[in-house]
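Enquirer: Take this structure first; my questions come after.
The values are calculated or read from the model by the stated rules, or taken from the named source; none is laboratory data. From a predicted model like this one, the values you see are computed outputs, not experimental measurements. Neighbour counts are summed over all protein chains in view; Cβ atoms, including those assigned to glycine, are modelled from backbone coordinates with ideal geometry. Surface areas here come from the heavy atoms of the whole protein model, side chains and all, with no ligands, DNA or RNA. Shrake-Rupley method; radii C 1.70, N 1.55, O 1.52, S 1.80 Å.
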2 protein chains.
Amino acid sequence: MIVTIVGTGAMARSIATRALAGEHVVRLVGRSPEKAANLADQLRATAPPGATPDVRASDAIAVEDADLVVLAVPYPTGLAVAAEYGAALAGSALVDISNPVDFATLDGLVVPAGTSAAERIAAEAAPGVPVVKAFNTCFAGPLLGGKVQGLPLDVLIAGDDEDARRKVAELAGSGGLNPLDVGPLRRARELESLAFLHMAVQERLGLNWSSAVKILT
Amino acid sequence: MIVTIVGTGAMARSIATRALAGEHVVRLVGRSPEKAANLADQLRATAPPGATPDVRASDAIAVEDADLVVLAVPYPTGLAVAAEYGAALAGSALVDISNPVDFATLDGLVVPAGTSAAERIAAEAAPGVPVVKAFNTCFAGPLLGGKVQGLPLDVLIAGDDEDARRKVAELAGSGGLNPLDVGPLRRARELESLAFLHMAVQERLGLNWSSAVKILT
């Protein structure tokens, strides 16, 4: 698959790393072309010996060829970016990884109760484009290597389009992660609540953002 | 501690089993005195050789001596029971383990978004009594033995009274579980959301109610 990742931060790096591990083609889109180019260079430099990862920084229009467009940016930015892309997203599925946490208080979400960032992006910014919520319950650190305590990270996946959910599950699974399809996009409410809880307890439990939520069976 | 458990179902049995493993005194209160007496008999019968568990069925007034009163009943029943006990709860902490899930649809909660069963019990049924949300993210099956994949179950604990949270953490820890203090009672919103998510995916992921949510570090 062609996976376009919007953003050049820690989550972009980790998802790109997993995507390259799964031998997908990665395109990086950043507001700063230099940052995107630098991240592409770093990803090539950290590739396993012998691997020739197909990764490069790209301009925004590159989303047109993508199977998946991952919004690895804060929620308000993702909302704006999705709206800006508009028709260019036709044929792609949009992956919202955001956590609309009130970072000033770390005591709640900035989306009203009873909805989710993912549902608002789908309704307001990308009508007609399949939106999938995924990766938001993973922290960037553990996601980079893909494991915690030797176990593959769970990637909880919610979306109303089955084919789009399947593509995201393929991305996660081929990258060494454990995809879990949790159903319709409205389950993003619970996924965002879970990630908020996980964030809110980091300092209190001394977890240092290196923990991962797993459903053990 | 004296742990009074209201209810005689699967969660009552599992919490009583963990409490007895922690060498606490257990009192069982049921609407049917026979059911409570039967459960007390079963708990004595399944005690390890040599152990003399202090467990018996009790009448409602027994809550007056309890350190912890665990509402191991459905949310509407717990709300009514807490209100009925009233002043008898003075000196105890009330533990709400409920999941106010809409079981007809398994698609949401019956409490309005932006609140929680625990907060409503605290505000409406037990003003002045410290209320703690705990055990709701554990299923009865794994909780009975206390482990999943050899790891102690996480018990996420929320409440506004630090001493009450500490007592619940002591109950969980002494019973072989892993208590995690997640902070104020309003975090019950996220704990109830998490348990709902975990329930909602059981059939879809073929998990058979034997799974457990862990924060792996």
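Enquirer: How big is the gap, in Å, between the Cα center of segment A:92-116 and the Cα center of segment B:68-114?
Expert: Spelled out, the Cα-based centre of one part sits 28 Å from the other.
Enquirer: For segment B:2-200, with the dipole built from +1 on Lys and Arg beta-carbon atoms and -1 on Asp and Glu ones, taken about the Cα centre, which of B:123, B:191, B:51 lies farthest toward the positive end?
Expert: B:51
Enquirer: Tally Lys/Arg at +1 and Asp/Glu at -1 over every other residue whose Cβ is under 9 Å from the Cβ of residue A:75; what's the total?
Expert: Here the charged neighbours net out to 0.
Enquirer: So, one more: Based solely on its DSSP helices, what 222 nm [θ] is calculated for chain A when runs of n ≥ 4 H residues each add -39,500 (n - 2.57) and the sum is averaged over all residues, nearest 500 deg cm²/dmol?
Expert: Dividing the helical sum by the residues of chain A leaves -10000 deg cm²/dmol.
Enquirer: How many percent of all Cα-Cα pairs in segment A:2-200 sit more than 23 Å apart?
Expert: Percent of Cα pairs beyond 23 Å in segment A:2-200: 38.
Enquirer: Just tell me the longest site-free run in chain B, where the sites are trypsin sites (Lys or Arg not before Pro) in a DSSP loop having at most 16 other beta-carbon atoms within 10 Å.
Expert: Here the longest segment lacking exposed loop sites spans B:32-203.
Enquirer: I would also like to ask the following. Roughly how far apart, in whole Å, are the Cα centres of segment B:134-167 and segment A:26-50?
Expert: 43
Enquirer: From the backbone phi of segment A:45-53, what are the Karplus-calculated ³J(HN,Hα) couplings (6.51 cos²θ - 1.76 cosθ + 1.60, θ = phi - 60°) in whole Hz, Gly and Pro given as x?
Expert: 5, 9, 5, x, x, x, 7, 10, x
Enquirer: Sticking with this one: For residue B:56, what charge total do you get from the other residues with a beta carbon under 13 Å from its beta carbon, if Lys and Arg give +1 and Asp and Glu give -1?
Expert: Residues near residue B:56 contribute -2 overall.
Enquirer: First select every other residue whose beta carbon is under 14 angstrom from the beta carbon of residue A:217; then total the charges, Lys and Arg +1, Asp and Glu -1.
Expert: Overall, the nearby charge balance is +2.
Enquirer: Please report the antiparallel percentage of the DSSP beta bridges confined to segment A:2-200, to the nearest 5. Could the numbers behind the result be given before it?
Expert: On the way: 5 of 29 bridges.
For segment A:2-200, the DSSP antiparallel bridge percentage is about 15.
Enquirer: Need one number: buried accessible surface between chains B and A, 1.4 Å probe, both sides summed, DNA, RNA and ligands left out, in Å² to 100.
Expert: 2900
Enquirer: Find the Rg to Rh ratio for segment A:12-53, where Rh is the Kirkwood radius over alpha-carbon pairs and Rg uses the same atoms.
Expert: In segment A:12-53, Rg relative to Rh is 0.95.
Enquirer: Let me ask another. Give me the dipole magnitude in Debye, nearest 20, for the protein assembly as shown about the Cα centre, with unit charges on the beta carbon: positive for Lys and Arg, negative for Asp and Glu.
Expert: 760
Enquirer: Among DSSP bridges having both ends in the protein assembly as shown, what percentage is antiparallel? Round to the nearest 5.
Expert: Just about 25 percent of them are antiparallel.
Enquirer: Mind checking which lysines have their Cα closer than 28 Å to the Cα of residue A:167? Skip sequence neighbours fewer than 8 apart in that chain.
Expert: Cα-Cα hits under 28 Å: A:35, A:133, A:147, A:214, B:214.
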